[in-house]
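Q: Please find one structure pasted underneath; my questions will follow.
The values are calculated or read from the model by the stated rules, or taken from the named source; none is laboratory data. Because the structure is a prediction, the values reported are computed rather than measured. Positions of Cβ are generated from backbone atoms using ideal geometry, with glycine treated the same way; all protein chains shown enter the neighbour counts. Surface accessibility is based on the protein's heavy atoms, side chains included, excluding ligands, DNA and RNA. Shrake-Rupley method; radii C 1.70, N 1.55, O 1.52, S 1.80 Å.
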Amino acid sequence: MTSLFTRLKTDTDLETKGVWLNFGEAEIKIARAGGSNLEFAKAEERYFEPHRRAAELNMLAEDVANEALRNVFADTVILGWRTKQADGTYVDTIEGPDGKPLVFTRDNVMFVMKELPELFRMLRTYAGQWKLFQQQQREIASGN
């Protein structure tokens, strides 16, 4: 029998230091959107505060909300990216739309999230899945 604690407890280190998500050759490291990632809530408050009244009235434009959320993610959720090379090593870049490497910077994160809205949607979903941030995930990733 598995206890509630075993089944539901998340790893605070994973929530704040992140997990790598594999997208083929490219990988993106994300922290949890919530949970122990207290910076997420602070950034959410900071970026959405100017739009609070519009949100309360259900009048917040989708593009404005997405821009605010991209800022929150760039500041607190998306922690890195890398590409696996043929020799098995990684470089801290991903391929940009012109085929040139994009280094991991806040500006590049904002650019990629805006240019690839489906990727942004996927990352939002993954960042909210508490199961990704459990101790057993750490054990699976390390091969134990």
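Conditions tested, residue by residue: (1) open to solvent by 80 Å² or more (accessible area, probe 1.4 Å); (2) modelled with pLDDT under 90.
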position: Phe5; (1), (2): yes, yes
position: Asp13; (1), (2): no, no
position: Glu49; (1), (2): yes, no
position: Ala54; (1), (2): no, no
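Q: If you don't mind, there's one more thing I want to ask. Please go through the stretch 71-101 and pick out each residue that is open to solvent by 30 Å² or more (accessible area, probe 1.4 Å), in a strand (DSSP E or B), in contact with a strand residue (DSSP E or B) (Cβ under 6 Å, 6 or more places away or on another chain) and of a type outside the set (Val, Ile, Thr).
A: Leu79, Arg82, Lys84, Tyr90, Pro101
Q: Scanning for something closer than 13 Å to Ile78 by Cα, in a helix (DSSP H, G or I) and open to solvent by 20 Å² or more (accessible area, probe 1.4 Å), does the stretch 23-38 turn up at least one residue?
A: For the stretch 23-38, residues closer than 13 Å to Ile78 by Cα, in a helix (DSSP H, G or I) and open to solvent by 20 Å² or more (accessible area, probe 1.4 Å): absent.
Conditions (1) touching a Leu at 6+ places or on another chain (Cβ under 7 Å); (2) over 20 Å from Glu118 (Cβ atoms), marked per residue:
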residue: Thr16; (1), (2): no, yes
residue: Glu25; (1), (2): no, no
residue: Lys29; (1), (2): yes, no
residue: Gly35; (1), (2): no, yes
residue: Glu39; (1), (2): no, yes
residue: Phe48; (1), (2): no, yes
residue: Asn58; (1), (2): no, yes
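Q: Return the total of residues in the stretch 57-70 being loosely packed, with under 14 Cβ neighbours inside 10 Å and either outside any loop (DSSP other than H, G, I, E, B) or among the hydrophobic types (A, V, I, L, M, F, W, C) (or both).
A: Pass one, the stretch 57-70, residues loosely packed, with under 14 Cβ neighbours inside 10 Å: 57-59, 61-63.
With either outside any loop (DSSP other than H, G, I, E, B) or among the hydrophobic types (A, V, I, L, M, F, W, C) (or both) added as a condition, the list becomes 57, 59, 61-63.
Qualifying residue count for the region: 5.
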